[in-house]
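Following: one structure in structure tokens, then a few remarks.
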Amino acid sequence: MSEPVVEKVDKTTEEVLIKNLDINSETPEEHSVEDSGDKKKKKKKKKKNPIKNIANYYPDSIYPEGEWMEYDQDFNLARTTDEEKRYLQRDQDRESEWNDVRKGAEIHRRVRRNVQNKIKPGMNLTDIADIIENATRKYTGAQDLKAMDNPKSAGIGFPTGLSINHIAAHFTPNAGDKTVLKYEDVMKVDFGVQINGNIIDSAWTVAFDPQYDNLLAAVKDATYTGIKEAGIDVRLTDIGEAIQEVMESYEVEINGETFQVKPCRNLCGHNIGPWSIHAGKSVPIVKNGDNTKMEEGEHFAIETFGSTGRGYVVSEGECSHYARVGNMHGTPNLTSAKKLLNNIDTYFGTLPFCRRYLDRLGEEKYLFALQSLVNHGLVQDYPPLVDIKGSYTAQYEHTILLHPNKKEVVSKGDDY
């Protein structure tokens, strides 16, 4: 999930294996045959739905590690000292947390593998979101938040972003949205999984028309450049500079016109904290002079956005994304707003949510109450972030963990 800001690999031997599981898959219908002139009725056989709680596939509760990468920087090459034993012990003390992140990553890989097999031109965006979110709910055991002892213990990390063309981020369909994915569209798919508040944030771009291939290649290359450059004690501006250099080296020809691929300079990656998708540090995708350093043990989403437009986004359009402001306390005056805020605290806490999730909980006629919470600073709204109309934007993103002597690209799969 992207963070707007004020403007100021090769595979290793430890490769994650992903089973090709498919939600709602069915065997082909058996064809009717005639026997002695009698027509037999068609028989339909359905496979058992293979999507179930991920714990059923891992009875030992130990989940696959991501792709490990060495730190390339000179000042990180010497992180094998006596002092490192203390660092490694601290890392082991967080093994339960890392295992939760890996569990979320395995779920993310399985969900995206499933939906990648289904996305086609002509699909309604709501149907695509439902495939992603229902699979996530099943894998995490969070089909019914109201039936859970702790509704915030596992489930969807944030609303499924399905942002098309000039819309770079923060679009998910609200109830009644009839948007249909077209062949000529470029769609960013950005969704999250959380286990005990430990969030996996990973995204890719879907395009059917090969004329967009260079746009997608530029952004994927830039994202992996950011991952390669990331490391303990690395300055954030240096990562942004490397990303910018790579992305701006690409051009894409669309409908006979050539565009340089520009980074969306006011979008960036971010560190992730418990139940907090944006935990304070921003990873720029251009050189911005921020000398803040990455630190050991941090959990980052490295994401980049490339555009054929101006490379700058603004908020525009009907809002769907919201999140509770964690450090704001108070009691709203409206009774309906009090009730809504209580449900937000109970079922989402500080995790982002969307209007469809409130609909699913049975909330009705809540828009006035929701806007009241926004006006009082208790809830933050996140409208769609858009470049100029007629432009195309792409996104790729992975979650990484900064261990004492290596980094782990925990959301890496065989797809991207």
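The values are calculated or read from the model by the stated rules, or taken from the named source; none is laboratory data. Please read all numbers here as calculations on a predicted model, not as lab measurements. Cβ atoms come from the backbone with ideal geometry, glycine included; neighbour counts cover every protein chain shown. Quick note on the areas: whole protein, heavy atoms, side chains included, nothing else; ligands and nucleic acids left out. Shrake-Rupley method; radii C 1.70, N 1.55, O 1.52, S 1.80 Å.
Assess whether residue 201 counts as being of a type in the set (Asp, Glu) and open to solvent by less than 30 Å² (accessible area, probe 1.4 Å).
Yes, satisfied.
Is it fair to say residue 253 is open to solvent by 10 Å² or more (accessible area, probe 1.4 Å), part of a helix (DSSP H, G or I) and modelled with pLDDT of 95 or more?
Numbers: open to solvent by 10 Å² or more (accessible area, probe 1.4 Å): yes; part of a helix (DSSP H, G or I): no; modelled with pLDDT of 95 or more: yes.
It is false that residue 253 is open to solvent by 10 Å² or more (accessible area, probe 1.4 Å), part of a helix (DSSP H, G or I) and modelled with pLDDT of 95 or more.
State which residue is most open to solvent (accessible area, probe 1.4 Å) when the search covers only the range 241-250 and only residues that are in a helix (DSSP H, G or I) and under 16 Å from residue 394 (Cβ atoms). Reasoning before the result, please.
Residues of the range 241-250 that are in a helix (DSSP H, G or I), as a first pass: 241-247.
Filter once more, so that each one left must be under 16 Å from residue 394 (Cβ atoms): 243-244, 246-247.
On the way: 243: 1, 244: 49, 246: 33, 247: 0 Å².
Among them, the one singled out is 244.
Restricting attention to the range 97-110, does a residue exist that is open to solvent by 50 Å² or more (accessible area, probe 1.4 Å) and either at pLDDT below 60 or in contact with a Gly (Cβ under 7 Å, 6 or more places away or on another chain) (or both)?
The answer is no, given that none of the residues of the range 97-110 is open to solvent by 50 Å² or more (accessible area, probe 1.4 Å) and either at pLDDT below 60 or in contact with a Gly (Cβ under 7 Å, 6 or more places away or on another chain) (or both).
Going residue by residue through the range 320-341, is there one that turns out to be touching a Phe, Trp or Tyr at 6+ places or on another chain (Cβ under 9 Å), in a helix (DSSP H, G or I) and crowded, with 21+ Cβ neighbours inside 10 Å?
yes
Quick check on residue 149: is it open to solvent by 30 Å² or more (accessible area, probe 1.4 Å) and in a helix (DSSP H, G or I)?
For residue 149, the condition - open to solvent by 30 Å² or more (accessible area, probe 1.4 Å) and in a helix (DSSP H, G or I) - is not met.
So which of 269, 280 ends up being open to solvent by less than 10 Å² (accessible area, probe 1.4 Å) and either charged (D, E, K, R) or within 22 Å of residue 323 (Cβ to Cβ) (or both)?
269
Do we have residue 308 as over 21 Å from the mean Cα position of the chain (by Cα) and surrounded by fewer than 18 Cβ atoms within 10 Å (Cβ to Cβ) here? If you could, list the steps in order and put the result at the bottom.
Numbers: over 21 Å from the mean Cα position of the chain (by Cα): yes; surrounded by fewer than 18 Cβ atoms within 10 Å (Cβ to Cβ): no.
No, not satisfied.
Looking at (1) out of contact with any Pro (no Cβ under 8 Å at 6 or more places or on another chain); (2) at pLDDT 95 or above, which is the only condition residue 316 fails?
Only one criterion is unmet by residue 316, namely (1).
Run down 366, 357 and say which single residue is modelled with pLDDT of 95 or more and in contact with a Ser or Thr (Cβ under 9 Å, 6 or more places away or on another chain). Can you show your working first?
Working: 357 fails: in contact with a Ser or Thr (Cβ under 9 Å, 6 or more places away or on another chain).
Exactly one residue qualifies, and that residue is 366.
Taking the criterion of being assigned to a loop (DSSP other than H, G, I, E, B) and among the aromatic types (Phe, Trp, Tyr), would at least one residue in the range 373-389 satisfy it?
Within the range 373-389 (the criterion being assigned to a loop (DSSP other than H, G, I, E, B) and among the aromatic types (Phe, Trp, Tyr)), the answer is no, since none of the residues qualifies.
Filter the range 204-233 for residues that are open to solvent by 10 Å² or more (accessible area, probe 1.4 Å) and of a type in the set (A, V, I, L, M, F, W, C); which is nearest to residue 415 (Cα to Cα)?
204
This table checks each residue for (1) among the β-branched types (Val, Ile, Thr); (2) outside any helix (DSSP H, G or I); (3) at pLDDT 95 or above.
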residue	(1), (2), (3)
162	no, yes, yes
178	no, yes, yes
201	no, yes, yes
221	no, no, yes
224	no, no, yes
237	yes, no, yes
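Only residues that are assigned to a strand (DSSP E or B) and more than 19 Å from residue 317 (Cβ to Cβ): list them for the range 395-416, please.
Result: 396, 397, 398, 399, 400, 401, 402, 406, 407, 408, 409.
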